[in-house]
Amino acid sequence: MQKDLKNLIIIDHPLVKRDLTLLRERKTPSFQFRAILRHLAGLMAYEVTKDLKTEKIDVHTPLEKTIGYKITEEVILVPILRAGLGMVGGFVEYLPDARVGHIGLYRDEETLKPVDYYFKFPKKLKDSLILVLDPMLATGGSASAAITFLKNKGAKNIRFVSIVASPEGVRTLNMAHPDVRIYTTALDRTLNKKGYILPGLGDAGDRIFGTGD
Ligand code: PRP
Ligand code: URA
């Protein structure tokens with residue numbers, strides 16, 4: 001891994017690699033792409049939440065009293081529309097109490113700069129763990145803008161969860177938000193002239209929603 005990249009956690013597991021391969025495959029149709037993305041997001045949820053705060057509680061088994069645990073940290077999922085929506089199902093499966101905010105952003109095709117069009121958040125951003133979900137970290141513009149917005153609204157504890165990241169995107173996010181931990185399943189080679197990740201998996205939103213052709 002490039003030594004200058006910071007706060008980057010690459011989730012390396014055979015089940016993750018299998019799912020990622022199916023997402024990369026250009027012949028994978030939309031209905032499968034959606035199901036695999038959701039499944040992969042669930043696998044990632046396990047790793048991303050492994051240090052959630054817990055509290056000891058009493059639990060009574062049919063035989064005796066023992067120690068159990070409850071999660072004390074509130075989690076807010078914030079998918080970046082559209083593609084981040086494809087990851088929500090996998091996360092809520094493991095975090096059924098999580099609330100969900102939405103940020104609508106799209107990249108201008110010429111400038112590659114993010115354009116915002118929708119924001120809706122639950123309360124308590126300040127005291128919750130915020131997981132920003134977007135499969136693609138390409139130039140890093142969308143992720144940085146989304147996180148800046150969340151911080152302006154009071155969020156303090158933010159993690160960014162992607163499926164594929166580029167070194168350029170990680171650098172941009174590191175510069176803009178050095179406090180934000182970045183999770184991904186693959187650090188790819190680079191970006192092409194149109195800002196697509198190489199080798200990547202193509203346009204995630206189009207592949208999820210079948211809008212590419
Ligand atoms: C994609 C992707 C990210 C963004 C990443 O969204 O889902 O949000 O591009 O690129 P960046 O790191 O260079 O900003 P897109 O703009 O295609 O919108 P869509 O999900 O609505 O199709
Ligand atoms: N957005 C995508 O959906 N894919 C890329 O490769 C880059 C940005």
For the range 1-110, which strands (runs of 3 or more DSSP E) that fit wholly inside it have 2 or more residues that are modelled with pLDDT under 95?
102-107
For the range 1-43, give me each residue that is more than 26 Å from Thr211 (Cα to Cα) and of a type in the set (Val, Ile, Thr).
Ile9, Ile10, Ile11
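When the residues of the range 175-213 are narrowed to those that are charged (D, E, K, R) and assigned to a loop (DSSP other than H, G, I, E, B), which ends up farthest from ligand 1 (Cβ to nearest atom)? Steps first, answer last, please.
Residues of the range 175-213 charged (D, E, K, R): 179, 181, 188-189, 193-194, 203, 206-207, 213.
Of the ones still in play, those that are also assigned to a loop (DSSP other than H, G, I, E, B) are 179, 188-189, 193-194, 203, 213.
Details: Asp179: 19, Asp188: 12, Arg189: 15, Lys193: 13, Lys194: 10, Asp203: 6, Asp213: 14 Å.
Residue satisfying both the conditions and the ranking: Asp179.
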So if I check each of Ile130, Ile163, which one is surrounded by 23 or more Cβ atoms within 10 Å (Cβ to Cβ) and away from ligand 2 (no atom under 16 Å from the Cβ)?
Ile130
Scanning for something assigned to a strand (DSSP E or B), farther than 29 Å from Thr21 by Cβ and near ligand 1 (Cβ under 9 Å from one of its atoms), does the range 117-128 turn up at least one residue?
no
Among the residues of the range 29-78, which ones are of a type in the set (Asp, Glu), more than 23 Å from Lys126 (Cβ to Cβ) and out of contact with any Lys or Arg (no Cβ under 9 Å at 6 or more places or on another chain)?
Glu47, Glu64
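The values are calculated or read from the model by the stated rules, or taken from the named source; none is laboratory data. All values derive from a computational prediction rather than experimental measurement. Ideal geometry is used to build each Cβ from the backbone, glycine not excepted, and the neighbour counts take in all protein chains shown.
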